[in-house]
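Engineer: I have a structure here, written as structure tokens, and I will follow up with some questions on it.
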Amino acid sequence: MRRHFATGCLLTVLLAGCTTGPSLENQGEVTAPPGDSHSLTIGSAGFTESDLLAQMYAKLLSKAGYRITLLTVANRELYEPALESGQIDVVPEYAATFADWLNAKANGPDAPPVGSPDLDATMKALRELATPRGLVVLPPGKAVDQNAFAVTAAYAKEHNLKTLSDLGRSGLKVRLAAGDECVKRPYCEPGLEKVYGIDITAVDPKGVGTTQAKKAVESGQDQMVLTTSTDATLGEFGLVLLADDKHLQNADYIVPVVNRSRAGSAKVAAALDKLNKVLTTADLASMNQQVDSWRRLPEDVAETYLKDNGLL
């Protein structure tokens, strides 16, 4: 679900030159009291949604009195150690995905996943994994970016479909456009069949939320596409999401993760929590669309959203 891009220098700086800091192998000092550095570095993973969230975090923390630098670090293998070491102080993350990533890092790639559809259980597991690394996971908000399934609006109207349960009850045969791993992932074909009783006749390996996959559904070649809940372009293909009413998907709620010794203060938490109170999944999808389809700059979209919601 999260995109990855190649990096130039280790940390590609958006608003400043490359910074120096502790070795990426050094973990945060867990025993230190929560810190409150006057200068904070906000990390982005380099795709639209992450850029938007990083920009909103930066503007809220700047308003709270901090000097801010924005960095793009295009994969977790680099930015998570940088977060531990204090080269990055704050990043937007996804609860279940980050929990599973830290779990694999701590316990090996074959460790059973700890992320689940249960947000409370996922957050508990995530915090238990993050704390020994000197990281603090702040509370999640309402916005979630998780796997989702879409059909054409015409198909949904014809068969009276609003949820995945509706599709299962319909008995319709469904060819699914998705990644080739869908045939074995529990959130995809096996879960759709077991949890919802959907008759998946084949998985068309066109990728997750790709233009090719959406066009296959738009044309009627396939009946459903695997995408994400903040997909900005569904309307362009005449597609609508079916609700995951039995909660098959993991709780990938957006959470700020901070370096405890530099950004673990109540002041940082309070500034970022303001966004939690207003930001929704639909808001994120709308902002993604403004950047991806309307070619607006993430910084401008972020600032407009915060002003419109009385946060700036």
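The values are calculated or read from the model by the stated rules, or taken from the named source; none is laboratory data. Quick caveat, the model's predicted, so the values are computed rather than measured. Backbone-built Cβ (ideal geometry, glycine too); neighbour counts: all protein chains shown. Heavy atoms of the whole protein, side chains included, go into the accessibility calculation; ligands, DNA and RNA do not. Shrake-Rupley method; radii C 1.70, N 1.55, O 1.52, S 1.80 Å.
Engineer: Whole number please: convex hull volume per residue, Cα atoms of the stretch 214-266, in Å³.
Structural biologist: 135
Engineer: Counting only C-alpha contacts under 8 Å and six or more residues apart, can you give the relative contact order of the stretch 229-308 as a whole percent?
Structural biologist: On the way: 31 pairs, mean separation 39.5, N = 80.
49 percent.
Engineer: Ignoring ligands, DNA and RNA, please state the percent of accessible area on the chain from carbon and sulfur, probe 1.4 Å. Can you show the working numbers first?
Structural biologist: Working: 7070 of 13680 Å².
It is 52 percent, rounded to a whole number.
Engineer: Determine ³J(HN,Hα), in whole Hz, for all residues of the stretch 190-205 in sequence, where each value follows from phi through the Karplus function 6.51 cos²θ - 1.76 cosθ + 1.60 and θ = phi - 60°; x replaces Gly and Pro.
Structural biologist: Once θ is set to phi - 60°, the couplings for the stretch 190-205 become x, x, 4, 6, 6, 7, 10, x, 7, 8, 8, 7, 6, 10, 8, x Hz.
Engineer: Dividing the alpha-carbon Rg of the chain by 2.2 N^0.38 Å yields what?
Structural biologist: On the way: Rg = 20.0 Å, N = 312, 2.2 N^0.38 = 19.5 Å.
Compactness ratio reported: 1.03.
Engineer: So what is the accessible area of the stretch 180-293 per residue, in Å², with the probe set to 1.4 Å? Write out the running numbers ahead of the final one.
Structural biologist: Details: 4700 Å² over 114 residues.
With all protein chains present, the stretch 180-293 gives 41 Å² per residue.
Engineer: Under the rule of at least 5 residues apart or a separate chain, name every residue whose amide H is placed under 5 Å from the amide H of Asp199.
Structural biologist: The list, which skips near neighbours in sequence, is Val174.
Engineer: Ser170: net charge of surrounding residues, Cβ under 15 Å, Lys/Arg +1, Asp/Glu -1, itself excluded? Mind showing how you got there, number by number?
Structural biologist: Values: positive: Lys157, Lys162, Arg169, Lys173, Arg175; negative: Glu158, Asp166, Glu193, Asp199, Asp245.
Surrounding charge for Ser170 is 0.
Engineer: Right, next: Pick from Ile68, Ile88, Ile254: which residue has the top mean-square fluctuation in a GNM of the chain where Cα pairs under 10 Å get a spring?
Structural biologist: Ile68
Engineer: Here's a follow-up. So for the stretch 164-312, averaging the separation of alpha carbon pairs under 8 Å that are six or more residues apart and normalising by length, what relative contact order in percent results? Write out the running numbers ahead of the final one.
Structural biologist: On the way: 172 pairs, mean separation 32.2, N = 149.
Relative contact order of the stretch 164-312: 22 percent.
Engineer: With just the Cα atoms defining each centre, how far is the stretch 41-103 from the stretch 232-252? Give it in Å.
Structural biologist: Cα centroid of the stretch 41-103 versus Cα centroid of the stretch 232-252: 25 Å apart.
Engineer: Right, another one. With +1 assigned to the C-beta of every Lys and Arg and -1 to the C-beta of every Asp and Glu, and no other charges, what is the dipole magnitude of the chain about the Cα centre in debye, to the nearest 20? Please report the intermediate quantities before stating the final value.
Structural biologist: Values: 31 positive and 38 negative charges, 87 e Å.
Magnitude of the dipole: close to 420 debye.
Engineer: Report, in deg cm²/dmol and to the nearest 500, the calculated mean residue ellipticity at 222 nm for the chain, where each DSSP H run with n ≥ 4 adds -39500 (n - 2.57) and the sum is divided by the residue count. Before the final figure, lay out each step's value.
Structural biologist: Values: 12 runs with 119 residues, N = 312.
Calculated at 222 nm, the ellipticity per residue is -11000 deg cm²/dmol.
Engineer: Run the quick spin-label model on Val183 and Asn75: label points 7 Å from Cα toward the beta carbon, then report their separation in nm to one decimal.
Structural biologist: Result for the modelled spin labels: 2.6 nm.
Engineer: Non-local amide H neighbours of Leu135 (under 5 Å, H modeled in plane, Pro and chain starts lacking H): which ones?
Structural biologist: Correct list: Arg260.
Engineer: Here is a further query. What list of ³J(HN,Hα) couplings, whole Hz, do you get for the stretch 291-302 from phi and the Karplus terms 6.51, -1.76, 1.60, once you set θ to phi - 60° and write x for glycine and proline?
Structural biologist: Computed from phi, the couplings for the stretch 291-302 are 7, 6, 9, 9, 6, 7, 6, x, 4, 5, 5, 4 Hz.
Engineer: Just to be sure I follow: if Rg is taken over the C-alpha atoms of the stretch 136-196 and Rh is the Kirkwood radius over the same atoms, what is Rg/Rh?
Structural biologist: Values: Rg = 14.5 Å, Rh = 13.6 Å.
So for the stretch 136-196, dividing Rg by the Kirkwood Rh gives 1.06.
Engineer: In the neighborhood of Gly191, defined by Cβ-to-Cβ distances under 12 Å, what is the net charge if each Lys or Arg adds +1 and each Asp or Glu adds -1? Before the final figure, lay out each step's value.
Structural biologist: On the way: positive: Lys184, Arg185, Lys194, Lys246; negative: Glu189, Glu193, Asp244.
Summing Lys/Arg as +1 and Asp/Glu as -1 gives +1.
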